[in-house]
Amino acid sequence: MTVRVERSMTVSAPPERVWAFIADPDQRARPISVVKDWEVTNDEEATWHISLPIPIIDRTIRIETRDVERREPEYVRFVGRSKVMQVQGEHELEQTESGGTKLTNRFVVDGKLPGVERFFKRNLDGEMENLEQALRDYLEVEA
């Protein structure tokens, strides 16, 4: 089973400011609750260390992520691979008529072990809310 979620939000900041947040691997990892640590290799690659509350998994999982498509400041797609799951994330930015930005986030998780999809089916929407709140906090501080 594959878990997919899509959410859109609109903020009053221009696309360039939203891009500064969403294209940064540090900013993408920080608000996700299961990401316990991460290492940024460069602007397009990072390693996430995640901890899933699933009985079959008793250690931190290493996920190698990399951006596979970037069109600044309008789109970034990244993929992450590990032994227990694959994840794909897309962030699409569109300038609104008022000069703000509509941000559409899409995530797809394919689990390779029992319980992974079930966990993300229950929790992925909340993780998206965490990402959205982190963006709003970032824009407030950077104003």
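Miscellaneous remarks
- Qualifying residue in segment 78-95 (condition: out of contact with any helix residue (DSSP H, G or I) (no Cβ under 8 Å at 6 or more places or on another chain) and among the small types (G, A, S)): yes
- Cβ separations smaller than 6 Å between residues 6+ apart or across chains give the following pairs from segment 6-24 residues that are among the hydroxyl-bearing types (S, T, Y) to residues that are surrounded by 16 or more Cβ atoms within 10 Å (Cβ to Cβ): T10/G100; S12/G100.
- I32, sole failed condition from (1) without any contact (Cβ under 8 Å) to a residue 24 or more places away in the chain; (2) crowded, with 16+ Cβ neighbours inside 10 Å: (1)
- Of all residues making up segment 105-143, the number that are of a type in the set (D, E) and farther than 21 Å from R17 by Cβ: 4
- If you go through segment 75-122 and pick out every residue that is touching a Ser or Thr at 6+ places or on another chain (Cβ under 8 Å), over 20 Å from V40 (Cβ atoms) and without any contact (Cβ under 8 Å) to a residue 24 or more places away in the chain, you end up with 1.
- Any chance R7 is in a strand (DSSP E or B), farther than 14 Å from E127 by Cα, open to solvent by 50 Å² or more (accessible area, probe 1.4 Å) and not hydroxyl-bearing (S, T, Y): no
The values are calculated or read from the model by the stated rules, or taken from the named source; none is laboratory data. All figures in this text were calculated on a predicted structure; none of them were measured in a lab. Glycine also receives a Cβ, built like all others from the backbone with ideal geometry; neighbour counts cover every protein chain displayed. Just the protein is used for accessible areas: all its heavy atoms, side chains included, with ligands, DNA and RNA removed. Shrake-Rupley method; radii C 1.70, N 1.55, O 1.52, S 1.80 Å.
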